[in-house]
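First comes the structure, then the notes that go with it.
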Amino acid sequence: MRAWSRCIWGLKRMLELADIDAGYGDFQALFGISMSVKAGEAVAVIGSNGAGKTTLLRVVSGLLPASSGTMTMEGTSLRAIPAHKVIETGIAHVPEGRRLFPRLSVESNLKIGAYIPAARAKFEERLTFVYGLFPRLQERRAQLAGTLSGGEQQMCAIARALMSGPKLILLDEPSMGLAPVIVAQVFELVRKLRDQGYTVLIVEQNVRQVLKLADRAYLLEAGRIKTSGSAQELSASDEIRRAYMGI
């Protein structure tokens, strides 16, 4: 059992979703999603393309409104606040495809991550922290973000999220489009964040890798949670190994 997994059952719930439905116009993408993330744990949402994983994170961060159900962050209703205020509850979203501002410098992208008042007040402190985590970004602080390698862009996207001083980090397919050696580096970075006490909700198609670092996981199929359990339990599932790991 992983060292960080020993005490998660006594931790308080940070994020809670109950019976969440959501979609795009007349198309319903999520059906009755109920799940939780406890403070200090890493939770993975796995599933195939089109299962609703990205939609789920968009709902949590307020980019897509839920049509029904309840959703709270440390007791605060996320459905009751506007999307641009969600970050003030302690949630930072690293979107699929990184979504950097390519014509701005690395450091300008990081400044955008610190736009809320609480983060602006600690800007230099946060900048020192993220440059300590990502020395390569400090070396390229004046370089245009769009000219970075794929792995460096992912580092920049995660660093930008960290600039807000989040409690919960949402990671959407952080390994997408990266070479295998860079994928290993990205997952090691996520593990480092987890070990430093950040709470992580990660959506990922690389099931084998993500279950190595997660405490718990949910399997999403066609917008519904099919099963959930500890990462070890899902890793040992013959059905998941055949369908998602090619074993």
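Tabulated data
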quantity: Filter result for SER164 (free of Cβ contacts under 8 Å to residues at least 60 places away in the same chain and over 12 Å from the mean Cα position of the chain (by Cα)); calculated: no
quantity: Residue tally, condition aliphatic (A, V, I, L, M), outside any strand (DSSP E or B) and either under 25 Å from ASP195 (Cβ atoms) or without any contact (Cβ under 8 Å) to a residue 12 or more places away in the chain (or both), over segment 210-239; calculated: 7
quantity: Selection count where residues are under 30 Å from GLU139 (Cα atoms), of a type outside the set (A, V, I, L, M, F, W, C) and under 18 Å from the mean Cα position of the chain (by Cα), scope segment 67-108; calculated: 8
quantity: Count - residues of segment 176-216 that are among the small types (Gly, Ala, Ser) and buried (at least 17 other Cβ atoms within 10 Å of the Cβ); calculated: 1
quantity: Tally, over segment 133-156, of residues that are of a type in the set (Val, Ile, Thr) and in contact with a Pro (Cβ under 7 Å, 6 or more places away or on another chain); calculated: 0
quantity: Residue match in segment 43-61 (condition: touching a Lys or Arg at 6+ places or on another chain (Cβ under 9 Å) and farther than 19 Å from VAL207 by Cα); calculated: no
quantity: Condition check for ILE158: at pLDDT below 95, buried (at least 22 other Cβ atoms within 10 Å of the Cβ), in contact with a strand residue (DSSP E or B) (Cβ under 6 Å, 6 or more places away or on another chain) and not polar (S, T, N, Q); calculated: yes
quantity: Filter result for the condition that a residue is part of a strand (DSSP E or B), at negative phi and touching a residue at least 24 places away in the same chain (Cβ under 8 Å), over VAL183, VAL200; calculated: VAL200
quantity: Members of segment 161-193 that are touching a strand residue (DSSP E or B) at 6+ places or on another chain (Cβ under 9 Å) and acidic (Asp, Glu); calculated: ASP172, GLU173
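The values are calculated or read from the model by the stated rules, or taken from the named source; none is laboratory data. Bear in mind the structure is a predicted one, so any value in this text is a computation, not a measurement. Cβ atoms come from the backbone with ideal geometry, glycine included; neighbour counts cover every protein chain shown.
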